[in-house]
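See structure below.
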Amino acid sequence: MLEIRNLHVSVGDREILKGLTLTVKDGEVAAIMGPNGTGKSTLSYVIAGREGYEVTQGEVLINGENILDLAPHERAARGLFLAFQYPVEIPGVATMQFLKAMLNAQRRARGEPELQTPDLMKLVREAAAKLGVSQEMLRRPLNSGFSGGEKKRMEILQMALLEPSVGILDETDSGLDIDALRVVSDGVNSLRSPQRSFLVITHYQRLLDYIRPDSVHVMAQGVIQRSGGPELALELEKNGYRDYLAGEAA
């Protein structure tokens with residue numbers, strides 16, 4: 001379970017998150033929608049532990065533990081996964097080498113034995129086949145020369161292998177055509193579990209046609225302004241965010 005309590009976050013002199021509170025229960029898929037510049041990606045970065053953001057007040061808890069004082073790799077070991085809006089290319093790192101290092105780092109942190117190469121290959125190939133990740137992609141450097149859709153599939157593959165308890169998808173629909181969106185969404189849906197919660201950050205209803213949320217939350221001016229069911233996303237698609245921006249400077 002993910003709990004965010006009265007979270008205040010600043011960058012320099014500017015306060016971006018202004019007392020945000022949100023709970024995502026085990027088994028729940030929660031969607032956050034909101035206009036540009038309201039702090040949606042900031043929220044995901046702060047949860048993951050990215051540098052450059054000052055938390056001035058509040059808590060972020062995973063399964064009851066406040067993670068704000070933990071390093072990013074320690075948060076990941078607690079079961080957190082962040083899928084980035086724009087996954088980076090790492091030309092000098094082989095994809096399979098990265099996946100092996102990723103998995104075994106997590107296993108060491110949990111006191112589990114490391115995977116040997118034959119077991120790793122079997123695990124990766126089975127997961128890759130379900131997500132449309134080709135063997136040719138697995139032989140290339142990580143994300144090197146990948147299309148936007150291929151990069152997102154690779155991220156979902158990483159999430160499937162790590163089996164996190166909390167998955168955060170930061171605008172994972174950015175740059176995807178309809179076929180890639182369907183494949184990525186199918187991968188996320190296959191990972192839905194009573195023991196796993198998801199926070200899906202998006203601008204558009206179209207992603208939520210494929211990853212159907214249990215709850216939808218409108219974020220504006222650094223806080224959650226309104227919460228509801230999936231029907232709220234349809235309302236936002238129709239009316240936009242004007243009702244939630246009253247008082248902001250033009």
> Out of MET159, MET137, VAL55, whose Cα points farthest toward the positive end of the dipole of the chain (charges: +1 Lys, Arg; -1 Asp, Glu; placed on Cβ)?
Replying inline: MET137
> When the chain is treated as a GNM, springs tying every alpha-carbon pair under 10 Å, which of GLY12, GLY148, GLY49 comes out with the largest mean-square fluctuation?
Replying inline: GLY12
> With the dipole of segment 2-244 worked out from charges on the C-beta (+1 for Lys and Arg, -1 for Asp and Glu) around the Cα centre, which of SER10, ALA233, PHE84 lies farthest toward the positive end?
Replying inline: PHE84
>> If each residue of separation counts as 0.36 nm, what is the full-extension length gain between ARG139 and GLN97 once their alpha-carbon separation is subtracted?
In response: 14.2 nm
>> For a bin width of 10 Å, list the pair-distance distribution of the chain built from all Cα-Cα distances, rounded to whole %.
In response: 7, 30, 36, 21, 5, 0
> For segment 54-96 and segment 1-52, what is the separation of their Cα centres, given in Å?
Replying inline: 13
> For segment 1-71, what class follows from the C-alpha gyration tensor (a ≥ b ≥ c being the square roots of its eigenvalues): rounded when a/c is under 1.5, otherwise prolate if a/b is larger than b/c, else oblate?
Replying inline: oblate
>> Ranking request for peptides 14-21, 65-72: highest mean number of other beta-carbon atoms within 10 Å first, then the rest in descending order.
In response: 14-21, 65-72
> Using unit Cβ charges (K, R positive; D, E negative) and no other charged atoms, how large, in debye to the nearest 20, is the dipole of the chain about its Cα centre?
Replying inline: 500
>> If I take the Cα coordinates of segment 183-231 and project them onto the principal axes, what are the three extents in Å, biggest first?
In response: 33, 24, 19
> For segment 105-250, what percent of Cα pairs sit more than 24 Å apart?
Replying inline: 43
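Any read-out appearing in this document is the output of simple, stated calculations on the displayed coordinates, not a laboratory observation. From a predicted model like this one, the values you see are computed outputs, not experimental measurements. We place every Cβ from the backbone using ideal geometry, glycine too, and count neighbours over all the protein chains shown.
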